[in-house]
Amino acid sequence: MNRRRGLEVRWLNWSDAGEAILDLRRRVFVDEMNWPEKRIHRDRDADGLHLCAMSDGEIVAAISAYVYEPGAPELAALELSDTDGPTVGIGMRVELPEYRGHLISIEMGTSMACQISESLRPSRFFLYVHVDTLLHLVDRYARRNFTYHTQVGSGEDAVVVMKVEGKEELEEFYLNHRDLARKYSADDDGIRVPSLVRFLAESKRENLLAVDRLGSENHYLEQLRLGTEAPRLTAQGQVILAEQRPRLALTPFPPAPASLLDIGTGPGEYLATIAKEKSFAGYQVRGVEPAPGLLARARAAFPEYDFREGSAYTTGEPESSRDVVTANFLFVHLRSPDLALLEIRRILRPAGLLYVVDINDASFTGPEAIQRMMQIYDRNYVGDRLLLNDLPRRAREFGFEPVRHFSTTLHNTGGAEPVFGKDEIRLGKADAWSLLSFVRAQRGCEEIFREAQDSYFATECRLSLNLETQVYRLSA
Ligand SMILES: C[S@@+](CC[C@H](N)C(=O)[O-])C[C@H]1O[C@@H](n2cnc3c(N)ncnc32)[C@H](O)[C@@H]1O
């Protein structure tokens, strides 16, 4: 019997589920494993993050995590020194015997690690295992990027403390867990874990969300130089506009007077160009951009438009103030799309539209060597070029209903000038390759990029990649 079918996974507050979680821990650890009762209690359970799998209203599996601010005495007791941000302790993972062997809590734990990394951006993860009964788990956690830190306590209280700490180590921890989560969710009966960001917002614990730390990251510009990127965006913008014109005309934007905010507006061309389209006649428009260099370019090139500093997580806009939000090639560069959806939900008026244009690497086709190159890139890029397949599900969680979905396939079979067909654009061989030029900029991808490029230009081959437009309406 497939125990995964019909399970509902939810984040729950201790005040609602604490008794049931304790009961589950008791059945497994005290009754089955003879642990003393005191061990199933954690000091921070009351404000922990608890992810539970339910079957017919009963909790059958659970995993908990705890957030500690620097200086918390619990950390000192485990010989964990101060860091500059929060530490997250991964706590007990437990499931009823009949649900074991189905990887339920392992999948939940993977998604939990991934979502906590995205939205809380902790400076450290740790866990501990009891030496007397669970020492065999040390190897398993080592495969999940935890390293041995220390052993504390003695006798039956002895525990091995393991941690993930350091910029590169935390990034690899995140990428590893995201990769595993993607593989799990590709299964038909994969476990669907709802959004932690939404749960924290609904339970009035937004203070845990790393809005400032996330807002100071720019994964797009981390790899690319402004000097070469701004002209490339401008050139690309002309092709995109030709593709977008009919898409804009088919989208039911509200009539003027209305207002539009373009997030991640970059050098400003996109906003300046779409603002002249019929759909937005009479609109008040504004662009927000976090990178000072791009913001300065936008202001200098288009002084007639209003550009402000802001990120997708903190736009600086008042609540319910915008009728339309556009995000052109933004979402795939975000670490936390959920936090952006939360902010967009806040600033849109009821029934306002979110208009997203982005590339979808899940649609990529090409020779094996180039596919492999893309897979390595997508595994290691902190943004998510596979996001668009999952965006409708995520957006729905934040109250957005899809209203339009357009897909344009970009091919490499054109000539010197792009050829526009129905739902397709044929680009010349070199122009199509330049769409993938960003790969070279990722550390560790230089060689595989060069090899793929050599074989691409030495042989006849076909590439294709979809550009998607997804339009959502915020529920009224
Ligand atoms: C591929 S560029 C697209 C620029 C512009 N939308 C266009 O289509 O020309 C991605 C943009 O997103 C911006 N960006 C990166 N991280 C961001 C964040 N967290 N919030 C808002 N914008 C962000 C970058 O600085 C850059 O301007």
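The values are calculated or read from the model by the stated rules, or taken from the named source; none is laboratory data. Keep in mind that what you see is a predicted model, and the values were worked out from it rather than measured. Cβ coordinates were reconstructed from backbone atoms using ideal geometry, including for glycine residues, and neighbour counts include every protein chain displayed. Heads up: the accessible areas ignore ligands, DNA and RNA and are worked out on the full protein's heavy atoms, side chains in. Shrake-Rupley method; radii C 1.70, N 1.55, O 1.52, S 1.80 Å.
Listing for the model above:
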{"read-out": "Inter-probe distance in nm under a simple model that places probes 7 Å from Cα toward Cβ, at Q442 and E304", "value": "4.0 nm"}
{"read-out": "Cα centre as origin, Lys/Arg/Asp/Glu Cβ charges: region 74-191 dipole, Debye", "value": "180 debye"}
{"read-out": "GluC sites (Glu not before Pro) within region 371-473: DSSP coil, no more than 11 neighbouring Cβ in 10 Å", "value": "E460"}
{"read-out": "Kirkwood-type radius of region 8-209, with distances r between different C-alpha atoms, in Å", "value": "17.3 Å"}
{"read-out": "Accessible surface of the chain, 1.4 Å probe, proportion on carbon and sulfur as whole %", "value": "50 percent"}
{"read-out": "Probe 1.4 Å - accessible area at L78, Å² to nearest ten", "value": "20 Å²"}
{"read-out": "Residue-by-residue Karplus 3J(HN,Hα) for region 414-427, coefficients 6.51, -1.76, 1.60, Hz, glycine and proline x", "value": "x, x, 5, 9, x, 10, 9, x, 6, 6, 8, 10, 9, 9"}
{"read-out": "Between helix 368-380 and the chain: long-axis angle, C-alpha atoms, 0 to 90°, nearest 10", "value": "60 degrees"}
{"read-out": "Between helix 337-347 and the chain: long-axis angle, C-alpha atoms, 0 to 90°, nearest 10", "value": "70 degrees"}
{"read-out": "Simple Cβ-charge dipole of the chain, Lys/Arg +1 and Asp/Glu -1, about Cα centre, in debye nearest 20", "value": "1060 debye"}
{"read-out": "Charge context of S81, other residues only, Cβ under 15 angstrom, K/R +1, D/E -1", "value": "-4"}
{"read-out": "E69 accessible area, assembled protein chains, probe 1.4 Å, Å²", "value": "110 Å²"}
{"read-out": "Residue-span extension gain [N389 to D454] - 0.36 nm each, minus C-alpha spacing", "value": "20.3 nm"}
{"read-out": "Added length on full extension, which subtracts the Cα-Cα distance from 0.36 nm per residue, A142 to D82", "value": "19.3 nm"}
{"read-out": "Ranked order, R44, R345 - accessible area, probe 1.4 Å, largest first", "value": "R345, R44"}
{"read-out": "Compactness of the chain as Cα Rg over 2.2 N^0.38 Å, two decimals", "value": "1.06"}
{"read-out": "Largest to smallest accessible area among T273, T147 [probe 1.4 Å]", "value": "T147, T273"}
{"read-out": "Value of [θ]222 nm, deg cm²/dmol, for the chain, DSSP H segments ≥ 4, -39500 (n - 2.57) each, nearest 500", "value": "-10500 deg cm²/dmol"}
{"read-out": "For region 8-209, with +1 on Lys and Arg beta carbons and -1 on Asp and Glu, the positive-most of V94, A113, A77 along the dipole", "value": "A113"}
{"read-out": "K183 accessible area, 1.4 Å probe, all protein chains in place, Å² to nearest 10", "value": "120 Å²"}
{"read-out": "Alpha-carbon centroids, region 212-234 and region 392-457: separation in whole Å", "value": "18 Å"}
{"read-out": "Accessible surface ranking that places the most exposed of M33, M374 first, with a 1.4 angstrom probe", "value": "M33, M374"}
{"read-out": "About the Cα centre, charge dipole magnitude for region 8-209 (Lys/Arg +1, Asp/Glu -1 at Cβ), debye", "value": "260 debye"}
{"read-out": "17 Å Cα-Cα reach of K429 towards aspartates and glutamates, excluding residues that sit fewer than 8 places from it in its own chain", "value": "E417, E451, D454, E460"}
{"read-out": "Amide proton proximity set for G310, modelled H, under 5 Å, gap of 5+", "value": "E289"}
